[in-house]
1. Look at segment 75-123 and say how many of its residues are surrounded by 14 or more Cβ atoms within 10 Å (Cβ to Cβ), basic (Lys, Arg) and over 14 Å from the mean Cα position of the chain (by Cα).
2. So which pairs qualify, if the first residue must be in segment 170-191 and in contact (Cβ under 8 Å) with a residue 40 or more places away in the chain, the second must be assigned to a helix (DSSP H, G or I) and small (Gly, Ala, Ser), the Cβ gap must be under 9 Å, and the two must be at least 6 apart or on different chains?
3. Cβ-Cβ distance below 7 Å, separation of 6 or more or different chains: which pairs start in segment 63-86 with a residue that is under 13 Å from Asp48 (Cβ atoms) and end on one that is open to solvent by 80 Å² or more (accessible area, probe 1.4 Å) and part of a helix (DSSP H, G or I)?
Amino acid sequence: MTLITADPPVPRPPRPVTVTIAFWLQLAAVLMLLGLLGLIVGHAVYFDELISRAVELVPDADPDEVNGERVGNVVTTVIPGVIILVVAVWLAATAIPVLRGSNVGRIFVFIAGGAHLLLCASPFVAGAAIIPLFIASGPAYEPEYVPEDIPQDGFPPDDIFWEDSKFYDTLYSDTTPAEDAFFAGQAAVTVVEVVLVLAVVVLLAVPPAYRWFVPRPALQPLPVGPYAGYPAALPYVICPDPSVHVPPSATPPATPPVPPPA
């Protein structure tokens, strides 16, 4: 009966410094995402107050316009807020496994980094995709009928295409310093967070980190002897006729004595 045993686990080398640095940068990226989520929610609350202020200044505002602005404010907050929260939980859940040497956690961090690159490149890709459409469309279409009430300067009045709304004019008449601060903070935090995630991906992909996450068994030394030039893993071949490999004897074989003649 032959007992089959599993191979001993490959010893893991000491944790490189790059993995430790990547762990702390990953936690910093999570904090940046939570800060960005706070800025988005804070701007939503502030913009809702601006809507209430515009309603106070314009008592006869259309209820549909007011309701549309409030719903739009909620939608533009919930969608990016959920995405940011999912990415923050993703990075936070993989930080400890990566620090302990989980290659699966490292792969999930790479997936998060690829998603960041796609989100950052999507506006540029969309803009590049629209350029051929403008080129193929040719010159701009000039309508034959021109309304008579267009002034001589060529710019039609706004009320030809849409009606004036005192509520919209009051709400979007001018940006406040608080809104500028919200947008500037969101842009700065987003740039810092993307840089941190890309740095984490690079630190986890360098050769020292790769050898730590995916340890390889050490090479066994070759045997010393007449078969030193052959790998030790080759099987031994047994010759069916061992007498072929027996060296000849130095002394001649003994012959029986010859009897004397009669």
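1. Matching residues across segment 75-123 total 0.
2. Pairs that qualify, where the first residue is in contact (Cβ under 8 Å) with a residue 40 or more places away in the chain and the partner is assigned to a helix (DSSP H, G or I) and small (Gly, Ala, Ser), are Thr170/Ala54; Leu171/Ala54; Phe182/Gly42; Gly185/Gly35; Val189/Gly35.
3. Nothing qualifies.
Listed here are the residues, each with its yes/no results for (1) within 30 Å of Leu27 (Cβ to Cβ); (2) outside any helix (DSSP H, G or I); (3) modelled with pLDDT of 60 or more.
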site	(1), (2), (3)
Glu179	no, no, yes
Gly185	yes, no, yes
Val197	yes, no, yes
Val202	yes, no, yes
Pro221	no, yes, no
Pro247	no, yes, yes
Thr255	no, yes, yes
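The values are calculated or read from the model by the stated rules, or taken from the named source; none is laboratory data. Keep in mind that this is a model prediction, so the values were computed, not measured. Neighbour counts run over all protein chains shown; Cβ positions are idealised from the backbone, glycine included. Only protein heavy atoms, including side chains, enter the accessible area calculation; ligands, DNA and RNA are left aside. Shrake-Rupley method; radii C 1.70, N 1.55, O 1.52, S 1.80 Å.
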